[in-house]
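These notes are about the structure you will find just below.
Derivation of every value follows stated rules applied to the coordinates shown; laboratory data play no part. On a predicted model such as this, the values are computed, not experimentally measured, just so you know. All Cβ positions, even for glycine, are placed from backbone atoms using ideal geometry, and neighbour counts span all protein chains on display.
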Amino acid sequence: MEQCLSTGFTNPVLEGPDRVAFGNVDRLAQPAEARQIIAAWRDDYNQVRPHGSIGRIPPAVFAVRYRQQWTTELSSSTTTMQT
């Protein structure tokens, strides 16, 4: 279990099923290597991997749909207020 010695809290990113995606983080030789691995994981998690809580779509797709819906609702409410 990866724990911060000063707080005792477990880092949720390094626990559970996602730990497999990072491999054995204790063996990363360089901080740059760790940054590359984490950046690749974050991109996959936000751009590719579907999330059940938002309808089994990636967060990036959800964000685009949400912005489109919000913009449409905003423009229709503005039009209604002007007439």
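Sort segment 29-82 into rounded, prolate or oblate with this rule: let a ≥ b ≥ c be the square roots of the eigenvalues of the Cα gyration tensor; rounded if a/c is under 1.5, and if a/c is not under 1.5, prolate when a/b is larger than b/c, oblate otherwise. Judged from the Cα gyration tensor, segment 29-82 comes out prolate (a/c at least 1.5, a/b above b/c). Count Lys and Arg as plus one, Asp and Glu as minus one, and take only other residues whose Cβ is under 12 Å from that of PRO50; the net charge is then +1.
The packing ranking, built from the mean of other Cβ atoms within 10 Å per residue, places the peptides 49-58, 68-77 in the order 49-58, 68-77, highest first.
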